[in-house]
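These notes concern the structure reproduced below.
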Amino acid sequence: NLQQTERQRREFTANVSHELKTPMTTIAGYTDGILDGTIPPEQEKKYLRTISSETKRLNRLVRSMLDLSRMQSEGVETLRQRSFDITDALAQTLVLFESKINAKHLEVAALLPEDPILVCGDADAITQVIYNLLENAVKFADPSSELGVSLFKQGERAYVSVRNHGPTIPPEELPLLFDRFHKADKSRSADRDGYGLGLYIVKTILNNHGEDIVVTSRDGVTEFTFSLTLKQK
């Protein structure tokens, strides 16, 4: 309803404003410090690196917000009229993480069918879902551990699963993971990229498709599994 939509919009604006304020304050403070001489010349490079990093973070945050507004404008029926090969989307997205996977010496266990699997939806949006889940899985995986990606069919749906070995997420945190800007624990909060929009975007895209996602985390294994409707022949 309109009241709920308006409330969500206000909450989102408040959250985004809060999140934008931190890097903007840092950038302005350090820039002024360099210009007025508070930061000595020999320290400038160090602070310029921070300014560069925070500018990139701002850029990612703004891009995520634009993605969200675009996705929230599309309805389930519109999305279900399109179809694409989820096997190909998974394989192509996995390739994008090759250097990060190699840098952490991760072993990839990919259980993907050889044949195409056609599902209903927006290929770009679902690729974003896969990207965000893989990004988190790689980021929080223990070095030299196994990264699992699988795709299987059951009934009228396809299921995509992304699994990593790393810190166990406490049970009470699991339902909060998809909240806007939620940071699961202190180690994740310390991560400058951990502003929580990634999983919120995942949930928003899947909701818009009329699909669902579940997460489990026990004994150091965290797994995200989401559904997609198979294209009817």
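The values are calculated or read from the model by the stated rules, or taken from the named source; none is laboratory data. Keep in mind it's a predicted model, so treat the numbers as computed, not measured. With ideal geometry, Cβ positions are generated from the backbone for all residues, glycine too; neighbour counts draw on all protein chains shown. Just the protein is used for accessible areas: all its heavy atoms, side chains included, with ligands, DNA and RNA removed. Shrake-Rupley method; radii C 1.70, N 1.55, O 1.52, S 1.80 Å.
Quick check: is even one residue across the stretch 130-147 open to solvent by 20 Å² or more (accessible area, probe 1.4 Å), part of a strand (DSSP E or B) and in contact (Cβ under 8 Å) with a residue 60 or more places away in the chain?
No: zero hits.
So if I check each of 214, 162, which one is at pLDDT 95 or above, open to solvent by 50 Å² or more (accessible area, probe 1.4 Å) and not in a helix (DSSP H, G or I)?
Exactly one residue qualifies, and that residue is 214.
When only residues in the stretch 169-202 that are basic (Lys, Arg) and buried (at least 18 other Cβ atoms within 10 Å of the Cβ) count, which is modelled with the lowest pLDDT?
Among those that are basic (Lys, Arg) and buried (at least 18 other Cβ atoms within 10 Å of the Cβ), it is 188.
Take residue 23 and tell me if it is over 20 Å from the mean Cα position of the chain (by Cα) and not acidic (Asp, Glu).
Taking the combined requirement at face value, the residue does not satisfy it.
Looking only at residues in the stretch 201-215 that are of a type outside the set (D, E, K, R) and out of contact with any helix residue (DSSP H, G or I) (no Cβ under 8 Å at 6 or more places or on another chain), which one is nearest to residue 168 (Cα to Cα)?
214
What residue, among those in the stretch 217-233 that are in a loop (DSSP other than H, G, I, E, B) and either modelled with pLDDT of 85 or more or farther than 21 Å from residue 122 by Cβ (or both), is least open to solvent (accessible area, probe 1.4 Å)?
For the stretch 217-233, the residue satisfying everything is 220.
Conditions: (1) in contact (Cβ under 8 Å) with a residue 24 or more places away in the chain; (2) among the charged types (D, E, K, R); (3) assigned to a helix (DSSP H, G or I). Residue 124 meets all but one. Number of the miss?
Condition (1) is where residue 124 drops out.
Only residues in the stretch 98-118 that are surrounded by 15 or more Cβ atoms within 10 Å (Cβ to Cβ) count as the first member; pair them with residues that are part of a strand (DSSP E or B) and among the basic types (Lys, Arg), Cβ under 8 angstrom, at least 6 apart or cross-chain, and list the lot.
Cβ pairs passing all conditions: 117/153.
Tell me, yes or no, whether the stretch 110-126 has at least one residue that is small (Gly, Ala, Ser) and at pLDDT 90 or above.
Yes, the conditions are met somewhere in the stretch 110-126.
Residues that are over 21 Å from residue 162 (Cβ atoms), open to solvent by less than 90 Å² (accessible area, probe 1.4 Å) and aromatic (Phe, Trp, Tyr): does the stretch 67-85 have at least one?
The answer is no; no qualifying residue exists.
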